[in-house]
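Just so you know, all these numbers are worked out from the coordinates, no wet-lab data involved. Bear in mind the structure is a predicted one, so any value in this text is a computation, not a measurement. Reconstructed Cβ throughout: ideal geometry from the backbone, glycine too, with neighbour counts over all protein chains shown.
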Amino acid sequence: MELNAKVYVAGGQTLIGAAILRRLERAGYVNIVGKADEEPPPSDPAQVEAFFARTNPAYVFLVSGDSGGIAANQKYPAQLMLDNLLTECIVIDNAHRYGVKKLLYLASSCVYPRNCPQPMSEGWLLTGPLEPTNEAYALAKLAGIKLCQAYNHQHGTKFISAIPANAFGPGDDFSPEDSHVIAALIRRMHEAKNGSWEAVDVWGTGSPQRDFIFVDDLADACLFIMEQYCEKQQPVNVGGGGVYSIKELAELIKRVVGYRGELRFDRTKPDGMPLKVLDSSVLNGMGWKSSTPFGTALRATYDWFLQAGQTARPANVP
Ligand code: GDP
């Protein structure tokens, strides 16, 4: 990807899209199209087509589509599925028709079967039933992977896919109910600290394990994959490198926020997938590894929350 190439990040205002834009700018890309207000709504076919006709991007990072935590997935399955299906169909088709050289589609680790052997390697895709709490969203993300492969097969395009671990970081959605676990617990523990609450609720049993990736590391991986990864019919995993139970995570966030009360596990709330850990050996073997220590990444996320996150509008949920 030449530094003067035209690059478009579809979903540039999402947590991950904004981090990719920061990463591209830091690397010296000078021809980024569709930033901020110039980005067409990715699920509006006419506006997206007009945008491709006008700007003719050579490289596309496709990270648009609504997303949310376990509660949002249960409340808004139709909205999450529809928005993701629309945006991937529209952006991928326009990328083909306007001759995009390479497109990177970002899926989600919920595309793997609920009872997948751990860590989950790319070959396990579509080998079993999905986790029910996010099935609609996961099916839309699987469709995106398959759509890229179908275009490659039928039209000879170079549309690749990556499957990231649970991303978090500055710019996250900190809404109390619909966010993912890290943002939710940072917010709740911060409020508990300020309000001197005796205990904080953590959803589920605390035993599920997750692979978390700091969003700036994920953005770095996206750039690396765009430049180095060429397997058109096989997505590549992007794990964060560490695996934490929700209980361990809650203890770490407690320390970062400086909350001294108790953790109370609310077993009326769902656990979701019991284990969700990516096998990143393919990407690691190519020479990429996440580099930000987990504690540093949690601290940076809390710092951002203190400065901006308390008032920011929810980033990703409907
Ligand atoms: P998931 O990976 O799709 O399940 O995404 P989440 O980030 O929403 O949830 C991860 C795990 O954290 C699940 O087991 C949740 O039950 C648990 N969890 C604990 N407290 C919370 C919370 O306040 N919000 C969310 N979203 N998850 C929580």
At R0 = 45 Å the Cβ-Cβ FRET efficiency linking D201 and S121, nearest 0.05, sits at 0.85
Measuring from a point 7 Å past the Cα of R26 along Cα-to-C-beta, which residues in region 270-295 have an amide N at less than 11 Å? 291-292
Roughly how far apart, in whole Å, are the Cα centres of region 7-53 and region 66-98? 16 Å
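Per-residue counts of other Cβ atoms within 10 Å, averaged by peptide: what ranking do you get for 225-236, 11-22, highest first? Before the final figure, lay out the partial values.
Numbers: 225-236: 16.5, 11-22: 23.1.
In decreasing order of mean packing, 225-236, 11-22 become 11-22, 225-236.
Out of the DSSP beta bridges found with both residues in region 135-264, what percent are antiparallel (nearest 5)? Kindly include the intermediate steps, with their values, before the conclusion.
Values: 3 of 12 bridges.
Percentage antiparallel, nearest 5: 25.
Do any trypsin sites (Lys or Arg not before Pro) in region 59-144 lie in a DSSP loop with no more than 16 other beta carbon atoms within 10 Å, and if so, which? Could the numbers behind the result be given before it?
Working: sites: K75, R97, K101, K102, R114, K141; in loops: K101, R114.
When the trypsin sites (Lys or Arg not before Pro) of region 59-144 are filtered for loop state and at most 16 Cβ neighbours within 10 Å, K101 remain.
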Region 116-147 to region 239-311: how many Å between their Cα centroids? 22 Å
Please find, in a Gaussian network model of the chain (springs between Cα atoms separated by less than 10 Å), the residue of A221, A308, A136 whose mean-square fluctuation is greatest. A308
In whole Hz, with x marking every Gly and Pro, tabulate ³J(HN,Hα) for region 121-134 from phi via Karplus 6.51 cos²θ - 1.76 cosθ + 1.60, θ = phi - 60°. 9, 4, x, 7, 4, 6, 10, x, x, 8, 5, x, 5, 9
Using Cα pairs under 8 angstrom and six or more residues apart, how large is the relative contact order of the chain, in percent? 22 percent
Separation of the K35 and D266 label points, Cα + 7 Å toward Cβ, nm: 4.0 nm
Once the dipole of the chain is set up with Lys and Arg at +1 and Asp and Glu at -1 on Cβ about the Cα centre, which of P293, L139, L249 lies farthest towards its positive end? P293
K101: which lysines have alpha carbons under 20 Å from its alpha carbon, excluding same-chain residues fewer than 8 sequence positions away? K6, K35, K146, K158, K232
